[in-house]
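Contents: one structure, followed by commentary.
The values are calculated or read from the model by the stated rules, or taken from the named source; none is laboratory data. All of these numbers come straight from a predicted model, not from anything done at the bench. Here the Cβ is made from the backbone with ideal geometry for all residues, glycine too, and neighbour counts use every protein chain on show. Side chains included, ligands, DNA and RNA excluded: accessible areas come from the protein's heavy atoms. Shrake-Rupley method; radii C 1.70, N 1.55, O 1.52, S 1.80 Å.
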Amino acid sequence: MEANREKYAADLSSIKEAHDRIKPYIHRTPVLTSESLNSISGRSLFFKCECFQKGGAFKFRGACNAVLSLDAEQAAKGVVTHSSGNHAAALSLAAKIQGIPAYIVVPKGAPKCKVDNVIRYGGKVIWSEATMSSREEVASKVLQETGSVLIHPYNDGRIISGQGTIALELLEQIQEIDAIVVPISGGGLISGVALAAKSIKPSIRIIAAEPKGADDAAQSKVAGKIITLPVTNTIADGLRASLGGLTW
Amino acid sequence: MEANREKYAADLSSIKEAHDRIKPYIHRTPVLTSESLNSISGRSLFFKCECFQKGGAFKFRGACNAVLSLDAEQAAKGVVTHSSGNHAAALSLAAKIQGIPAYIVVPKGAPKCKVDNVIRYGGKVIWSEATMSSREEVASKVLQETGSVLIHPYNDGRIISGQGTIALELLEQIQEIDAIVVPISGGGLISGVALAAKSIKPSIRIIAAEPKGADDAAQSKVAGKIITLPVTNTIADGLRASLGGLTWPVVRDLVDDVVTLEDCEIIEAMKMCYEILKVSVEPSGAIGLAAVLSNSFRNNPSWRDCKNIGIVLSGGNVDLGSLWDSFKRSK
């Protein structure tokens, strides 16, 4: 099926614009290779190291693009999100760079290192219960009280465009890539990567990697519609979200 | 004191030749930066990640240069060394690439991951006792039996030149570097880096980082001659060697200072590399960061104008079990 570019929340041009916008602030992360892993896998593997991105994860790209896309009036009152993970710290850092407040609703039980990152980057932590409804409720309250802008961790064209810049870099760094394997949670990362990569090189394959204990994306593909799971069970704490209307 | 280039075992031109020779085989490792570490240290830090080098440490550069410098006749019978560490695996890999045998004398007690690397890269392991005399004796026997060439881990101009290529890359990648902090053991790495860097940018400072429990280089600088220690005591297993006849003159003349660190400082720096940089380093590899964060470095007025500091993260080969033990103990 052809990529119908007008239909999606982002496209190659919004992704290229995002790259120009965020370039001064992000790390252009290296691609590492290993003969040992090539030998073990039987393929040539190219590791795009977003673990070295600011804030320790790729999320900073999307958060940065979203924050930098706000007009002065919107930005002044700050940004808010609810996140147990890397988007929280990423948004805090992006807001800090712009000199605006970041209100981060964190559910109890969130990994300590991820909460520490939020604090380190100047985000204001507001605790909620660990349920989705409590997170949303508390975020809603904060939004009303502060007038801040809600920045969703993945279901947002600016976020998807920011994440897509990874594919722009990867394909510049290694032209011979014929497939990209991407972790999938809410779908923001893989959406951006797929939109960019298939525009640049239509023959490229995009493969999602998902924990069996949170396999809602796999089920969604089979069912042909968004499937959400009542419970997830995986060590991969960053991959428990379900697909959104823009990523699906 | 001016760098008198004819006096030393290597120079900018042998280092540039080494780079051309080894380029097709090595990784041009990235330089990573961290705003958090800049904030903590009060400087701009540039981490040259030799932990990502083939074999997991910078040693592959020198080993590669040495092996590729052998003529066909010398090479045919293979190479031999005695090493408990990264040189062993590096030489095995360099030999494998050239299709020649590598005989590696390994002392009992060598870290398992480093022995595993030797085997993975096709090196033939011959065990010795953990004493220097046993290592040398067994290596000597192997040399006689096989006719192979001994490749010393650091006291060799070809090895020093190979290691110096790190400085060539670093200064191409980050021109504004005004100081480079380098772990020191036998002095091969820092000699190569100092010779290259000071030729390219004479004002650059070269600072060695050494464990207090193996501070022979610091003592040598003070004494004005090579000091060797009867015993070393440090978690940094890669930094226990003493200076050689070829590395000492470079350390004496071109290394501006030696900062010594306690093991707890080394472990703290190692933790920061994992938690903040997200990079896998062994204790020897993290010592440069420990040096920059140390009180003696921070309070030293000589380094006040060093704003852009290159730090060589020299290696990342560490047994995960030992790693977790170190972190747990340090809490």
For this session: Using a Förster distance of 41 angstrom, determine the FRET efficiency expected from the C-beta separation of A:Asp20 and B:Glu262, and round it to 0.05.
Result: 0.30
Problem set entry | Charge-dipole axis of the protein assembly as shown as Lys and Arg at +1 and Asp and Glu at -1 on Cβ define it, positive-most pick from B:Asn308, A:Leu12, B:Trp324 | A:Leu12
Problem set entry | Charged-residue dipole, Cβ positions (Lys, Arg, Asp, Glu), chain B about Cα centre, Debye nearest 20 | 400
Seminar exercise, completed: Once the dipole of the range B:59-150 is set up from charges on Cβ (+1 Lys and Arg, -1 Asp and Glu), the residue from the list B:Tyr103, B:Met132, B:Cys113 lying farthest towards its positive end is B:Cys113
For this session: Name the long-range amide H neighbours of A:Leu150: under 5 Å, sequence gap of 5 or more, or other chain; modelled H, no Pro or chain starts.
Result: A:Val80
For this session: Only helical DSSP H runs with n ≥ 4 go in: add -39500 (n - 2.57) per run for chain A, normalise by residue count and round the 222 nm mean residue ellipticity to 500 deg cm²/dmol.
Result: -13500 deg cm²/dmol
Exercise. Ignoring ligands, DNA and RNA, what accessible area per residue does chain B give at 1.4 Å, in Å²?
Worked result: 39
For this session: Using a cut-off of 12 Å between beta-carbons, work out the net charge of the residues near A:Asn65 (Lys and Arg +1, Asp and Glu -1, A:Asn65 not included).
Result: +3
Seminar exercise, completed: FRET efficiency (B:Asp305, B:Phe327; Cβ distance; R0 41 Å; to 0.05) is 0.75
Problem set entry | Candidates A:Glu169, A:Glu73, A:Glu210: whichever shows maximal mean-square fluctuation once chain A is modelled as a Gaussian network with Cα springs under 10 Å | A:Glu73
Exercise. Which whole-number percent gives the relative contact order of the range B:59-150, counting Cα pairs below 8 Å spaced six or more residues apart?
Worked result: 32
Exercise. How large is the charge dipole for the range B:1-99, taken about the Cα centre, if only the Cβ atoms of Lys, Arg (+1) and Asp, Glu (-1) carry charge, to the nearest 20 debye?
Worked result: 240
Seminar exercise, completed: Each residue of A:49-62 has, on average, a number of other protein chain C-beta atoms within 10 Å of its C-beta equal to 2
Problem set entry | Geometric extent, Cα atoms of the protein assembly as shown - Rg, Dmax (angstrom) | 26.1, 82
Problem set entry | Protein accessible area in the range B:28-186, 1.4 Å probe - carbon and sulfur % | 51
Problem set entry | Distance in nm between pseudo-label sites at B:Thr228 and B:Met132 (7 Å out along the Cβ direction from Cα) | 0.3
For this session: Which order do the peptides A:192-204, B:70-82 take when ranked by the mean count of other beta-carbon atoms within 10 Å per residue, highest first?
Result: A:192-204, B:70-82
Problem set entry | Whole-number percent relative contact order across chain A, with pairs defined as alpha carbons under 8 Å at least 6 apart | 19
For this session: Could you check the simple spin-label distance between A:Asp178 and A:Lys201, using points 7 Å along Cα→Cβ, in nm with one decimal?
Result: 1.0
Problem set entry | Protection-proxy order for peptides A:156-164, B:167-175, B:195-203, each taking the mean of Cβ atoms within 10 Å per residue, highest first | A:156-164, B:195-203, B:167-175
Exercise. How big is the antiparallel share of DSSP beta bridges in the protein assembly as shown, given as a percent to the nearest 5?
Worked result: 10
For this session: Please label the shape of the range B:59-150 as rounded, prolate or oblate, based on the square roots a ≥ b ≥ c of the eigenvalues of the alpha-carbon gyration tensor (a/c under 1.5 means rounded; beyond that, a/b larger than b/c means prolate, else oblate).
Result: oblate
Problem set entry | Accessible area that becomes buried as A packs against B, both chains, 1.4 Å probe, Å², nearest 100 | 900
Exercise. Using a cut-off of 22 Å between alpha-carbon atoms, which lysines can reach A:Lys16, once sequence neighbours fewer than 8 places away in the same chain are excluded?
Worked result: A:Lys7, A:Lys48, A:Lys54, A:Lys59, A:Lys198, A:Lys201
Problem set entry | Residue (of A:Phe47, A:Leu150, A:Gly109) at the positive-pole extreme of chain A, dipole from beta-carbon charges | A:Gly109
Problem set entry | Test item: Cα-centred dipole of chain A, Lys/Arg +1 and Asp/Glu -1 on Cβ, debye | 300
Exercise. Distance in nm between label sites at A:Thr33 and A:Thr146, each 7 Å beyond Cα in the beta-carbon direction?
Worked result: 4.5
Problem set entry | Heavy-atom accessible area ranking, 1.4 Å probe, most first, across A:Cys51, B:Cys51 | A:Cys51, B:Cys51
